[in-house]
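All remarks here apply to the structure that follows.
The values are calculated or read from the model by the stated rules, or taken from the named source; none is laboratory data. None of the values given here were measured: they were computed from a predicted structure. Every residue, glycine among them, receives a Cβ derived from its backbone with ideal geometry; neighbour counts consider all protein chains shown.
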Amino acid sequence: MEYLPFVTNEVGCSVAASFNVDMKPDREIIREELSRLKKKNPAVAEFIMKWAKLGGSKRVRDHSLFCGILTYKLLESQAEANWMNENLPV
C-alpha cells in the first residue's frame with residue numbers, strides 16, 4: 001500500500017513556478033517556508049533543520065534546507081490536488 005502521492009509533472013511545475021514568481025531571495029523563501037512547516041509538521045521541520053546542520057558551508061546548509069522544503073511542498077501539493085480530484089465535482 002502506498003501512502004505518499006505520486007507527484008505529477010503538472011504539480012511539479014506549479015510548485016517550481018510558485019518559488020520563481022515570488023522573486024524572493026533563496027534565504028527569504030527558506031525562512032518563510034520553514035516557518036510554515038514548523039507550524040504544520042514540526043517533526044519534519046526539525047528533521048530537515050538537523051540534517052541541514054550536518055552540511056559544512058552555509059551554501060550547503062541552504063541547499064539541504066531548500067531540498068527538504070521543496071520535497072515536502074511537492075508531496076503536500078500533490079496530496080491536495082489528489083483530494084480535489086476525488087472530492088470536488090467536475
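Here are the numbers for this structure:
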{"item": "Candidates F19, F66, F6 - the one that is under 28 Å from W83 (Cβ atoms), surrounded by 11 or more Cβ atoms within 10 Å (Cβ to Cβ), touching a helix residue (DSSP H, G or I) at 6+ places or on another chain (Cβ under 8 Å) and at pLDDT 90 or above", "result": "F66"}
{"item": "Residue match in the range 27-50 (condition: surrounded by 14 or more Cβ atoms within 10 Å (Cβ to Cβ), touching a Gly at 6+ places or on another chain (Cβ under 6 Å) and either in a helix (DSSP H, G or I) or of a type outside the set (D, E, K, R) (or both))", "result": "yes"}
{"item": "Members of the range 54-90 that are farther than 16 Å from V44 by Cβ and among the small types (G, A, S)", "result": "G55, G56, S57, A81"}
{"item": "Hey, K53 out of contact with any Leu (no Cβ under 8 Å at 6 or more places or on another chain) and either under 24 Å from V11 (Cβ atoms) or of a type in the set (S, T, Y) (or both) or not", "result": "no"}
{"item": "Near pairs, Cβ below 8 angstrom, 6+ apart or cross-chain, from the range 30-41 (β-branched (V, I, T)) to any residue that is surrounded by 14 or more Cβ atoms within 10 Å (Cβ to Cβ)", "result": "I30/D62; I30/L65; I30/F66; I30/I69"}
